[in-house]
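These notes concern the structure reproduced below.
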Amino acid sequence: MTHKDSISCDTKVEIRSESRDATATSLSPLNQSVNLELAQANACHLVTCIAVSVVSCGLFTVLSSGATYYSPIGLWFAGLCLCTLGLWVYAEQANRKPQSAPAYLVLCALFWSLAAYLPLADNSLYNLADGALLTNAIILFLPAIWPGLYLQPTSLRRLFLTCLYLSVGINWPQINLSAAALLLLLATVIEVSCILNRRTFISSALDTLVARDQIQQTINDSRKITSLIDQTPLGYIEWNQNREIIGWNPAATEIFGFAKSEVMGRTTDFLFEDKKTFLMQQAEHDLFLFGKDFSGTTENITSDGTVIICEWNETPLFDVEMNVIGAASFVEDVTDRVRMQTRIKQQAYFDPLTGLPNRHRFMEELNRVISLAQRTQNFCALLFIDLDHFKEINDSRGHHYGDLALTLFAQRLRKVIRTQETVARLGGDEFVVLLERLGTEGETARLQIAQVAEKILDAAKEPFVIKGEKFQISCSIGIVFFNDGSSDSNSILEQADQALYTIKREGKSNFYFHNRELSLEMQKQMELLERLREESRAESFLPFYQPILDTQSNLINGLQVFLRWQKPSGDIVEAHEFIQFLESGSMIVDISLSLIDQTCKQVNLWRSQGLWDEQQRIFFTLSLRELEHPSFILQLQEALLKHGINPRLFIFGLHTETLPKINSSLKLQLERLRELDCGLMVDNVGFQSLPLQKLRELQIDTIRISHRLMAESMEMDSAWNLVKGLVELCKSVGLNCIAPCIEESKTHHQLLDLNCQYLQGNLISPPSPPTSITRMLIERNSALAAEVSSN
């Protein structure tokens, strides 16, 4: 049952019983409103009721033409008029028309019930039968024309009818059963008519009240929505099918800077930089064609021309026939949020220094390119780039100069690579380039890659001008190209790294294509390094010694230390099989300190046996790893102090290739070695020009000729001439010169003829363990003693 049906039932109860009507009215606010409607309608009919009553009285009086003012009819008419006037005045002054209408009904019922007796009181009017008939006719007709009788309370209405018809029945001349039945029927008809009219009125009033409530609720909801729209921080824009603005809230003014009066009736085009953006096209398509909501983000323009980023949420508006008649847009300024998201994405995916994609972003791109190559069978390539001599700028001028150099190189790299290709910085001075869609022919793809690599090398070779200073930097490139999914991203990156390592080992400033066969060899070497780490301790690495002969005294001038690895099985592994990998990590520092410690112990042992002369020296080759280690010199001092060894015992050697890499910090380390009274030697001197100025700066006192040059000197005159030149140069500038790789007597005699003072090689003695060197020292000392005795 609906609320309206409930009200109708309550109303029926009110029709049947006045007390129940009052109770229902007190219980329901809507019933109270219905009763109020009844009362107001009653009040509206009060004037009409008075008019009907007065006109009827006047008619009755006119028909009684013989009456005087003091006759019963005159007095009756005067009394009714006076009562009516009094009631009217009361109703007007007290504003009680609703309460006066029922009272007037009761008053009329009383007066008209007396009207039936008036002719009996005045026999001069006309005969009794005619007077009663006339009076009864007017009384019977009066309820039918009484305005709003159905509006009166049930009890008063029935009292009114009872008074009128009872008086008629009593005064009806020669009344019989048929006349009585007729009166009863007439009263019933009027009562039923009033009941039906009352029900119709109440139903209509209920409908009106419900409709009024709904209208009021709609108005209230509309006001609430309007208030919410005005107070919401989101911009609200309502527009019709022509995109003409018909609604604009204060938040929209705050976002775009336009007042409501400036935008009403205008299309929304002025809010967009492009007059017909893709967002607008998509919005119109979804809204007007399909009646769907639409959301999107686009750039907008404010009143002062500022470009902002807004998020639009649009919903269609429909008419009663569900036709789209417009749309409502909620707009939010997300400029700060989008910029923050952009910054976060920039930090997550791009290198902050160069602006290039970082490792994380690059790996995503590499995975995409691998899938592309597998799908299309087109060759793609990864170029792994490492800057040569970059560390010199970083160490000599500081990180600020180094950062500027990296930024300049990134800019050059971006210029020589196509826009659609990926250029990234992995970290430090390492960069990568991804080349896509190089075709399905391997040689053609290789040629294209080589051309790009050449451009990168040329770009790196151009001088870098940083704050007015020129710096020369080159780069090395390891290349992998592929057209299938046989290798994942990590494997491809490792292969490119191996190719890069190969070219840097061969001489730098060039590019090298990864060789799969070579990678198997590299894999074996990596496995060897892993075993080194897992199976070895620093004590597993042993010093072997090779004597250096002084040709002038025919005595051992010193011993050069060679690294050997003793595996857990007892096998001895030569250094050339693993030294490259040791020098690529920090293990070499601990191993070198262990070798120095073992050498100091052995020298003390030889000294205690009388086999060691204080003029003899230990030659020990260092890599850059040891010199770069911040505590290497300090630990060296501690080892020498612990064993009581004079630092002058050691001559530390550097490879010729490392001389250009000696920066200010490494030079400081070498100076500390010189302050300890250690000697310095340059090893592997050969085809490169000897930088005499650098030797003077570093206080180098010994050089050792390259093994390769010495090996070639027996077969090539040019190589032999270069050896002779080095020996003569050392004599002229006061440097000690060691000629290694003496394998044959012929070479030995030729060097003796050149007066080369220091010789080294397997002909004299191969690198040997301490026991073998001990035996050799004993034999040498014995031979020397016998020679002295014979003299």
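The values are calculated or read from the model by the stated rules, or taken from the named source; none is laboratory data. Quick caveat, the model's predicted, so the values are computed rather than measured. Note that each Cβ is placed from the backbone with ideal geometry, even for glycine, and that neighbours are counted across all protein chains shown. Please note that ligands, DNA and RNA were not included when accessible areas were found on the heavy atoms of the full protein model with its side chains. Shrake-Rupley method; radii C 1.70, N 1.55, O 1.52, S 1.80 Å.
In segment 676-697, what residues are over 23 Å from D388 (Cα atoms) and open to solvent by less than 10 Å² (accessible area, probe 1.4 Å)?
C678, G679, L680, M681
Going by the conditions given, is L659 crowded, with 20+ Cβ neighbours inside 10 Å and in a helix (DSSP H, G or I)? Break it down into steps so the answer makes sense when it comes.
Details: crowded, with 20+ Cβ neighbours inside 10 Å: no; in a helix (DSSP H, G or I): yes.
So L659 does not fit the description; no.
Test each condition in (1) closer than 30 Å to E332 by Cα; (2) of a type in the set (A, V, I, L, M, F, W, C); (3) surrounded by fewer than 16 Cβ atoms within 10 Å (Cβ to Cβ) for A252 and report the one that comes out false.
(3)
Please enumerate the residues belonging to segment 746-779 that are open to solvent by 40 Å² or more (accessible area, probe 1.4 Å) and over 30 Å from L542 (Cα atoms).
The answer is K746, H749, Q750, L752, D753, N755.
Would you confirm whether or not segment 718-734 contains a residue that is open to solvent by 50 Å² or more (accessible area, probe 1.4 Å) and at pLDDT below 85? Even if it seems obvious, please write down each step before you answer.
The initial filter retains those residues of segment 718-734 that are open to solvent by 50 Å² or more (accessible area, probe 1.4 Å), namely 718, 721-722, 724, 728-729, 731-734.
With at pLDDT below 85 added as a condition, the list becomes 718.
Yes: one or more hits.
What's the total number of residues in segment 442-483 that are loosely packed, with under 12 Cβ neighbours inside 10 Å and β-branched (V, I, T)?
Final tally of qualifying residues: 1.
If you check L627 against the conditions, is it in contact (Cβ under 8 Å) with a residue 40 or more places away in the chain, under 21 Å from L559 (Cβ atoms) and part of a helix (DSSP H, G or I)? Show your work before the answer.
On the way: in contact (Cβ under 8 Å) with a residue 40 or more places away in the chain: yes; under 21 Å from L559 (Cβ atoms): no; part of a helix (DSSP H, G or I): yes.
No: the conditions fail for L627.
Give segment 221-235 a look and list any residue that's in contact (Cβ under 8 Å) with a residue 24 or more places away in the chain and either of a type in the set (K, R) or buried (at least 19 other Cβ atoms within 10 Å of the Cβ) (or both), or say none.
G235
Looking at I651 and the list (1) over 16 Å from I596 (Cα atoms); (2) out of contact with any helix residue (DSSP H, G or I) (no Cβ under 7 Å at 6 or more places or on another chain), which single condition is not satisfied?
Unmet condition: (1).
Per-residue answers, yes or no, for (1) touching a strand residue (DSSP E or B) at 6+ places or on another chain (Cβ under 8 Å); (2) within 15 Å of H389 (Cα to Cα); (3) not in a helix (DSSP H, G or I):
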{"site": "Q420", "(1), (2), (3)": "no, no, yes"}
{"site": "V423", "(1), (2), (3)": "yes, no, yes"}
{"site": "V433", "(1), (2), (3)": "yes, no, yes"}
{"site": "L447", "(1), (2), (3)": "no, no, no"}
{"site": "Q451", "(1), (2), (3)": "no, no, no"}
{"site": "I492", "(1), (2), (3)": "yes, no, no"}
{"site": "D497", "(1), (2), (3)": "yes, no, no"}
{"site": "S509", "(1), (2), (3)": "yes, yes, yes"}
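Identify, please: which residue in segment 571-590 is modelled with pLDDT under 75 and in a loop (DSSP other than H, G, I, E, B) and is, among those, most open to solvent (accessible area, probe 1.4 Å)?
So the residue we want is S586.
Can you pull out every residue in segment 671-680 that is part of a helix (DSSP H, G or I) and either over 21 Å from F562 (Cα atoms) or free of Cβ contacts under 8 Å to residues at least 12 places away in the same chain (or both)?
If we filter segment 671-680 for residues that are part of a helix (DSSP H, G or I), which is where we start, we get 671-675.
Passing the criteria: E671, R672, R674, E675.
Would you pick out the residues in segment 293-312 that are surrounded by fewer than 14 Cβ atoms within 10 Å (Cβ to Cβ) and among the aliphatic types (A, V, I, L, M)?
V307 - this is the single residue of segment 293-312 that is surrounded by fewer than 14 Cβ atoms within 10 Å (Cβ to Cβ) and among the aliphatic types (A, V, I, L, M).
Matching residues to (1) under 30 Å from D403 (Cα atoms); (2) of a type in the set (S, T, N, Q); (3) touching a strand residue (DSSP E or B) at 6+ places or on another chain (Cβ under 7 Å):
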site: W312; (1), (2), (3): no, no, yes
site: T315; (1), (2), (3): no, yes, yes
site: D333; (1), (2), (3): no, no, yes
site: L353; (1), (2), (3): yes, no, no
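For segment 327-348, check the following and say yes or no: at least one residue is farther than 30 Å from F294 by Cα and at pLDDT below 90.
Narrowing segment 327-348 to residues farther than 30 Å from F294 by Cα: 347-348.
If we keep only those that are at pLDDT below 90 too, we end up with 347-348.
Within segment 327-348, one or more residues are farther than 30 Å from F294 by Cα and at pLDDT below 90.
Could you please find all residues in segment 338-352 being more than 9 Å from the chain's Cα centre (by Cα), surrounded by 13 or more Cβ atoms within 10 Å (Cβ to Cβ) and of a type outside the set (S, T, N, Q)?
The answer is Y349, F350, D351.
Can you name the number of the only condition in (1) surrounded by fewer than 19 Cβ atoms within 10 Å (Cβ to Cβ); (2) out of contact with any helix residue (DSSP H, G or I) (no Cβ under 7 Å at 6 or more places or on another chain) that L406 fails?
With respect to (1) surrounded by fewer than 19 Cβ atoms within 10 Å (Cβ to Cβ); (2) out of contact with any helix residue (DSSP H, G or I) (no Cβ under 7 Å at 6 or more places or on another chain), L406 is out only on (1).
Test E430 against the criterion of being open to solvent by 40 Å² or more (accessible area, probe 1.4 Å), under 23 Å from V369 (Cβ atoms) and modelled with pLDDT of 90 or more, and give yes or no.
Values: open to solvent by 40 Å² or more (accessible area, probe 1.4 Å): yes; under 23 Å from V369 (Cβ atoms): yes; modelled with pLDDT of 90 or more: yes.
Yes.
Being more than 30 Å from Q609 (Cβ to Cβ) and touching a His at 6+ places or on another chain (Cβ under 9 Å) narrows it down to one of C756, C730, C741, C737, so name that one. Even if it seems obvious, please write down each step before you answer.
Numbers: C756 fails: touching a His at 6+ places or on another chain (Cβ under 9 Å); C730 fails: touching a His at 6+ places or on another chain (Cβ under 9 Å); C737 fails: touching a His at 6+ places or on another chain (Cβ under 9 Å).
From the options C756, C730, C741, C737, the qualifying one is C741.
Can we say S329 is touching a strand residue (DSSP E or B) at 6+ places or on another chain (Cβ under 8 Å), more than 30 Å from I449 (Cα to Cα) and of a type in the set (S, T, Y)? Talk me through it step by step, then tell me what you get.
Working: touching a strand residue (DSSP E or B) at 6+ places or on another chain (Cβ under 8 Å): yes; more than 30 Å from I449 (Cα to Cα): yes; of a type in the set (S, T, Y): yes.
When the stated conditions are applied, S329 passes them.
For the condition surrounded by fewer than 19 Cβ atoms within 10 Å (Cβ to Cβ) and closer than 16 Å to L624 by Cβ, what is the one hit in L668, L654, L673? Outline the logic, then answer.
Details: L654 fails: surrounded by fewer than 19 Cβ atoms within 10 Å (Cβ to Cβ); L673 fails: surrounded by fewer than 19 Cβ atoms within 10 Å (Cβ to Cβ).
Exactly one residue qualifies, and that residue is L668.
Looking at I700 and the list (1) on the phi < 0 side of the Ramachandran plot; (2) loosely packed, with under 14 Cβ neighbours inside 10 Å, which single condition is not satisfied?
(2) is the only condition that I700 fails.
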